[in-house]
């Protein structure tokens, strides 16, 4: 297809449609710089075309030129102010590319005026609010998302993180359990479940959750370290040392320093292996 477009542009280099079609083909082929050039040529010949501005924004997003991508979405919205996709894409770039959560929230609120039952807009708005520490508002958004998609992994997982942040640990635990019903082999939900169980003082259950996380990613230092802490509290010094050695082997300076300052390992301070493990990393 792209070759026929090239031939068409040779005959009609001022053809808006030719440049636009070529740009779309290049975007599909992930040739983003060339696609960007072609969208700009299309805009040169048809400055008020919504789709050229919108697709230009998508090309710039792929190139990680986030401010310019937002400018393109804004231009598209001047042409079609009530367009769902431009508001949604604008919000995603503000959220993920620029971490401008307040602007992203404004965009997702515009989306929800157009589509009140849009799962992703509720979810993303909630995630932005969570990042801003607006936990009550975030929980409301995640609940709205879950009304639309019950037991959805992402909404359950982020709701769990939010509840964990406000100290509602039992409720957070329920969310991670629900998330694991959707994705039983998910590392993050198993790990966070382990963290919550550890915070609740349910150390053997926490070890079991860390083991599930490590079955997915055997080289994850935080899970090894949390597991070592739990063994130490339970008085299983051998298990604590094995787990701690794994964590330190992955990130020596970080976890050796943490262990040397962590009162949970006080029972190991006189152990020669523990002393040597810490000293070898200093």
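The values are calculated or read from the model by the stated rules, or taken from the named source; none is laboratory data. Nothing here was measured: the structure is a model prediction, and the numbers come from that model. Note that each Cβ is placed from the backbone with ideal geometry, even for glycine, and that neighbours are counted across all protein chains shown.
For every residue, the table says whether it meets (1) assigned to a helix (DSSP H, G or I); (2) within 30 Å of residue 116 (Cβ to Cβ); (3) out of contact with any strand residue (DSSP E or B) (no Cβ under 8 Å at 6 or more places or on another chain).
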{"position": "17", "(1), (2), (3)": "yes, no, yes"}
{"position": "21", "(1), (2), (3)": "yes, no, yes"}
{"position": "35", "(1), (2), (3)": "yes, no, yes"}
{"position": "42", "(1), (2), (3)": "yes, no, yes"}
{"position": "48", "(1), (2), (3)": "no, yes, yes"}
{"position": "56", "(1), (2), (3)": "yes, yes, yes"}
{"position": "68", "(1), (2), (3)": "yes, no, yes"}
{"position": "88", "(1), (2), (3)": "yes, yes, yes"}
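Got at least one residue in segment 85-96 being without any contact (Cβ under 8 Å) to a residue 12 or more places away in the chain and within 22 Å of the chain's Cα centre (by Cα)?
Yes, that holds for at least one residue.
Identify, from the list 193, 183, the residue that is surrounded by fewer than 16 Cβ atoms within 10 Å (Cβ to Cβ), in contact with a helix residue (DSSP H, G or I) (Cβ under 7 Å, 6 or more places away or on another chain) and within 30 Å of residue 129 (Cα to Cα).
183
Being more than 24 Å from the chain's Cα centre (by Cα) and either under 30 Å from residue 149 (Cβ atoms) or surrounded by fewer than 17 Cβ atoms within 10 Å (Cβ to Cβ) (or both): is that true of residue 275 here?
It is true that residue 275 is more than 24 Å from the chain's Cα centre (by Cα) and either under 30 Å from residue 149 (Cβ atoms) or surrounded by fewer than 17 Cβ atoms within 10 Å (Cβ to Cβ) (or both).
Give me the helices (runs of 4 or more DSSP H) completely within segment 215-282, filtered to those with at least 1 residues that are under 23 Å from residue 193 (Cβ atoms), ordered by residue number.
The helices (runs of 4 or more DSSP H) meeting that bar are 221-233, 237-250, 252-261.
So which residues in segment 234-272 are on the phi > 0 side of the Ramachandran plot and within 33 Å of the chain's Cα centre (by Cα)?
none
Got a number for residues in segment 107-164 being over 24 Å from residue 181 (Cα atoms) and in a loop (DSSP other than H, G, I, E, B)?
5
Pick out the one residue from 77, 98, 112 that is surrounded by fewer than 16 Cβ atoms within 10 Å (Cβ to Cβ) and either at pLDDT 95 or above or out of contact with any helix residue (DSSP H, G or I) (no Cβ under 9 Å at 6 or more places or on another chain) (or both).
98
Report yes if some residue within segment 51-61 is surrounded by fewer than 20 Cβ atoms within 10 Å (Cβ to Cβ) and under 10 Å from residue 20 (Cα atoms); otherwise report no.
For segment 51-61, residues surrounded by fewer than 20 Cβ atoms within 10 Å (Cβ to Cβ) and under 10 Å from residue 20 (Cα atoms): present.
Name the residue that is surrounded by the most Cβ atoms within 10 Å (Cβ to Cβ), counting only residues in segment 166-180 that are out of contact with any helix residue (DSSP H, G or I) (no Cβ under 6 Å at 6 or more places or on another chain) and in a helix (DSSP H, G or I).
174
Would you mind stating whether residue 161 is without any contact (Cβ under 8 Å) to a residue 60 or more places away in the chain, within 28 Å of residue 87 (Cβ to Cβ) and crowded, with 24+ Cβ neighbours inside 10 Å?
It is false that residue 161 is without any contact (Cβ under 8 Å) to a residue 60 or more places away in the chain, within 28 Å of residue 87 (Cβ to Cβ) and crowded, with 24+ Cβ neighbours inside 10 Å.
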